[in-house]
Each structure stands twice: as C-alpha cells, then as structure tokens.
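The values are calculated or read from the model by the stated rules, or taken from the named source; none is laboratory data. These numbers come from a predicted model, not from an experiment. Methodologically, a virtual Cβ is constructed for each residue, glycine included, from the backbone with ideal geometry; neighbour enumeration extends over all protein chains shown.
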Amino acid sequence: MPRTTRKRAALVFSMAAATTGAVLAPLSAQAAPTEALTATVYQVVQEGLTEKQAEKLARKAGVGNALRPDGSFAFVDKARFARVPTREIGKGVDERRGATVAEELDLSKLDAIRTIPQDEALRKARQLLAVPQGYGILASVGHTTLDHSNGDGKLLSSRNLDTTVSYQLTLAGVPVIGPGAKARASFAGDGSVVQLGQSVREVKADRKVDIITPQSALKTCTQLYGDGVKQSLPTLGYYAPALSAVRATGKGSVNSLLPHYVCQPQTRLGTDDKVQGKLVAAAPQLAPTVELKASGDGRTVSAAAGVTGGTAPFSYNWSSSSVAIEKQGGEQVRYAGAQRPEKGDFTETVTVTVTDANGLVSTAHVDLVNQKGEGSASGVQGGAGGSFASNGIEQTVDEWQCAQDSANGFKSVMQSKGHSVAFDWRGNSAFEKDFKDHKQNGWDDRYVDDVDAQWYTGHGWSGGFTFKGNHDDGNITPADARWGDRNLEWLQLESCQVLKDTNGKNDYFGRWSQAFQGLHLLNGFDTNAYCIDGGTGRRFANYLFPETFLWWTTRDALTVQQAWASMANDLEPAGVRWRSVSPATYRAASNSWVTNLGDHYWGQGNVGPDIRPNATTDRLDGFFSVSGLS
C-alpha cells in the first residue's frame, strides 16, 4: 500500500561494529584477579584546539583554517582529497529532468599521480599532528586507492591516490576509542596536505578508581546483547566522547575520561563476522542509572525517566521502534507511534538513553503491545557505541542510541537545507521489501528506488545487510538488489563489510554488479564499522553542503564520495576501511571512462548521468571504487 501522506526522500546507510586489526586490539582480559583491579581516571585539561592553536596548525600544514566550534580540526582539500581527475564532456537531464554533467576520467592526469613513501608520510604526520602529551600512539599507514574492474567484476588495475597516516591513541597502554580520539593526515605526491583532522583532548592523570573484573562486565554485556549471543571476555579501553567546546574556547562539558569495557559478542550474520563494540562502565560507582516508566493508550505513548548517580548535567535521548521522536532532551516524552499499513499487531518499544557529563551511559526500554498498557524498567549501565534532494531513512537497530543519532542527524541536516525526507522507518518497521527489486515481489519502486538518496543503519556482512523481521526473509543480498532503474542515485550503507574484498581480488565488484541499474554510488565499508554516538549521519550530511565558522567559510560542499570518506575519517576508529563504488561506461573515441565519482548532492555542484547496463550485453562496461583507511 503506498504511503501517499509522506513526502518523498531517501538515503541508505548500514552498520555493525567491531574492533578491527592489530591497531585497534584492546588489552586482552586475563583470568579473574585475586586483588582488586584499579584504573586511572584522566582529568580533561583542554577540550580540543583553541582558535590560536588551530591557526598555528593551519599555517604549519599550509592549509586553510578548518577549526570547528567544538575544538576539532577537519581540513579537506576538495580539489585533491580522494578525488579522481576528470574533464567535462557533455550535459543532459536525468529521469526527473534534473540537470546532469557527464565527466570522463582524465587518464593523463591520473597516470601522473605519485605518492610519497610511507616513512616520509610518518615523519610529516609527526611534525603536524602534535597529539597532547601523555598519549601513546600506534600509527597506521596506508593509501586512498582507486580500483577498476570490468563488467564481470574482474580487477583490471589499482592505483594509490595519496598516502595516509592515522593514529590509534592510548593512555597507559590502554586504547582510547571514540570521536574524541582522532588524528589523521593524507599527503599528495609532492608532500602537501590534502586532508588533516584532529579531535583530541588534553588530559592529565587524576586518580585511581576501583574497576570491576572482565567477568563482571561480561554480565552487563549479556544484558545489552541478550542471553542468546555468545561473547568473549570484554576488553579494557577509555571512551572519548565527541568534543564539547563552545566557540573553540578549549572549555567544554566533559570533565574526565573514564575506563570502560568493550563488549566482544560473536553473533553470526551470515558469516563469521562479529558485531562488537558496545561499552560498559568499568567503574559503575561513577556511572548513572536510569529508571523508566512508560504507558500507552493505543494511540499515544507517554514516558518519564529518573536518574541516580553519575555526573551532571545529563542528556536524555528518547527513541521509538516505529518513529523518529522530534522533541528531545527532557526527562519526559509523549509521542504517537506509527504502524506500517502492511502490518497487523505490533510491539512499540520506547527507549531512553541517559548520558552524563563524561559520556557514561545508562539505557532502559519498555515494550508496549499495540502501544497499550504500561511498564517500567531499571537501566543497564552501558550501551554507548556499538560497531557497525529526495531522501529516505531506514535503520534496524532502534535500541542503539548511536543508530538513532545517525538517522536523526541526517534527517535534521537535510531538512534544514530544504530537502524532504519521504519516509523514516525504524526497528521492526524497517522492511527488507523496501529495498528489494519490485520485479521480485519487492517494494523498492515505492520506497528506496523512488528517492534520490537513501540512508540505512543496521548489521551487515560481505553478502548483504539485515532486518529484524521477515518481510520476506530478513536480508538484502546482491541477488535482491536492482537500484536506480527508477530513481535512486546514492545509497549509503553504515554496515560492516558489505563492500568487503574477501579474496584479495576486489570481489565486491562482481557481487554487487547487478545492483547497478542506474545507481550512481554505493557507499559502505570493507571492514567492520563502529556505531558512533553523536551521529555519523549528521556528519555525512553536513559534508554535502558548505561549512562556515564565525566569519569564514571553512570548506565548500564536498562530493558525495568525499563526504562519505570524510565522515569515516573524522569518526571511525583508526584502521576502518571505507569504500565507494561507481559504475563506469567506456568511451572509445577518447579511450576513457565516464563515472559518477564526481557527483555532488543536488544543487551543490555537478551530478553525472545515470550509467545503465548495455542493452546488448545486459551488463555495465565496468566499475571504479575509491577506498581508504580512517
């Protein structure tokens, strides 16, 4: 049944979270100790960079000042970062009469690209990224890479576009994770900076506190993930929430960095891929505990929360399993849930996540069958993080506040820029059929393929991404997908490993080739990806439009591909590999290729034409992908 009362819009994003690689591996939990365990609390001395420090960093790097009000620094050279050189060859219109500009790869400029050696990149990064004293550094060095395949998905070539250095930070040998612990730089072949980001607090050791054992933390992890999920012992880390400075003064609301345990569940999602990363307070005596009461009359849900413990001020984030709750922040909420016209009886779940001044979290939820009755719940101390034009939103992990943040942030930015959001389905109301080809009894022509951009957040693996219900089978696999034959241009999947190279031959090209029926870009991850509290969706959407701070423009609107890369570079842990895939058509006259890698969001720059399979061969000429390490 069509939803005629909803405006049309979409952007897709899919996710699952886990630590990846040696760079991100926390200290292994040992057997239960005979003595009490302790850990250091770190006091925050300064929240990010001040205006003077940012000016100094910009001069040293030879780039523009890219300071944000929260104290983070995020410079992106739009002309060169993760950018494949192109030249314009023609203009036209798309299926909705939107203006398009075709661009072919400039092979001579592409062939001229050189990259600096890794040791030189490390030396330059050390000179620029002056991480505050006290942090340990584990450096990852890699490249932003352009890969090319034929229409069957066979890899033809691979080229490095730059050299990147990303830091995994530690305190006393323990990993620091979160958006407040990021430092990364990318260098062109001449050694100049094409991307530079830093989001780190200055801290000092404050005091020792007693912490629980890994075995005790495992009990809380079991509460967060459920009894049916097998888990290893959690590992120790420090959580650094997003910077909170006001007007880059160096002062914010976060007082301390506190020890956490990182849960290690081993849920199978079609393969051996893991879903990891939710955080448990290692010192629960310092954490808040929320109590939730909720009731419903069949039409409206009312809920109220109270908090004990923790450090004020507290933020309250409310989420529904069926709708986006627009008014946030208070201790009480009242809203009308939504039931899909395709469903019968349903369970409405209202969840509250309370975060204290230092990023410690407590979360609780109440289920109401058909939005009726009442219930109460005591919160679990933990739950932060987790790994994993016309616009639409679907996300399948409504119980994770970080997933709600992604959807809410994306929606807020797009609407603030005058772009509609046609549908917003969450939790059990997000259906696999909304993404499935309409010729295979799916509904993509009503939903995902009836918008320009689609955002999905949920669990995934190299063979697809998942949904909670069975409408029809709970998974989208490449065989289900035929996107762009109606409208969809850009699909974002915040999901683990959907674009994974499983055999070293870039086999994701072949897996997803049939999905490209006019789709311009498929954005996702090669590795596992983290669910970031504070909102990956908001950061991605912001990058699609120009950004200003005080009296200057800090950057122009980025391309859709650059926005995806920059979001991941800013927020995902070191070692996470992002990837964007574009179809390509060969031009014999110029011996070159037309792609959609240079697409901007509508109204912000050039958008390429739809590239569809050849009518004779029923396949595309080829594909290109750009990928890099965060």
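Whenever a residue of the range 294-305 is of a type outside the set (A, V, I, L, M), its partners that are crowded, with 23+ Cβ neighbours inside 10 Å and in a strand (DSSP E or B), lying with C-beta atoms within less than 6 angstrom and at least six residues away or across chains, give the pairs Gly296/Leu368. Taken over the range 450-464, the criterion of being on the phi < 0 side of the Ramachandran plot and assigned to a strand (DSSP E or B) is satisfied by Ala453, Gln454, Trp455, Tyr456, Thr457, Gly460, Trp461. Please verify whether the range 396-417 includes one or more residues that are in a strand (DSSP E or B), farther than 25 Å from Asn475 by Cβ and aliphatic (A, V, I, L, M). Among the residues of the range 396-417, not one is in a strand (DSSP E or B), farther than 25 Å from Asn475 by Cβ and aliphatic (A, V, I, L, M), which makes the answer no.
Taken over the range 88-106, the criterion of being surrounded by 14 or more Cβ atoms within 10 Å (Cβ to Cβ) and either under 31 Å from the mean Cα position of the chain (by Cα) or closer than 30 Å to Gly64 by Cβ (or both) is satisfied by Asp94, Gly98, Thr100, Val101, Ala102, Glu103, Glu104, Leu105, Asp106.
Considering the range 199-265, the qualifying strands (runs of 3 or more DSSP E), each wholly inside and each with 1 or more residues that are among the polar types (S, T, N, Q), surrounded by fewer than 20 Cβ atoms within 10 Å (Cβ to Cβ) and touching a strand residue (DSSP E or B) at 6+ places or on another chain (Cβ under 9 Å), run over 231-239. The number of residues in the range 505-538 being over 25 Å from Thr595 (Cα atoms) and surrounded by fewer than 24 Cβ atoms within 10 Å (Cβ to Cβ) comes to 2. The set of residues from the range 554-570 being of a type outside the set (Asp, Glu) and surrounded by fewer than 24 Cβ atoms within 10 Å (Cβ to Cβ) comprises Thr554, Arg555, Ala557.
Out of curiosity, is Leu129 modelled with pLDDT of 95 or more and either under 23 Å from the mean Cα position of the chain (by Cα) or not polar (S, T, N, Q) (or both)? Spelling it out, it is not the case that Leu129 is modelled with pLDDT of 95 or more and either under 23 Å from the mean Cα position of the chain (by Cα) or not polar (S, T, N, Q) (or both).
Those strands (runs of 3 or more DSSP E) of the range 509-613 in which at least 1 residues are of a type in the set (D, E, K, R), closer than 24 Å to Gln195 by Cα and at pLDDT below 95, considering only elements entirely within it, cover 547-549, 552-555.
Every condition in (1) more than 30 Å from Asn255 (Cα to Cα); (2) at pLDDT 95 or above; (3) not basic (Lys, Arg) is met by Gly98 except one, and the failing one is (2). Scanning the range 277-326 for residues that are more than 30 Å from Trp425 (Cβ to Cβ), in contact with a strand residue (DSSP E or B) (Cβ under 7 Å, 6 or more places away or on another chain) and part of a loop (DSSP other than H, G, I, E, B) returns Ala282, Ala283, Ala287, Gly310.
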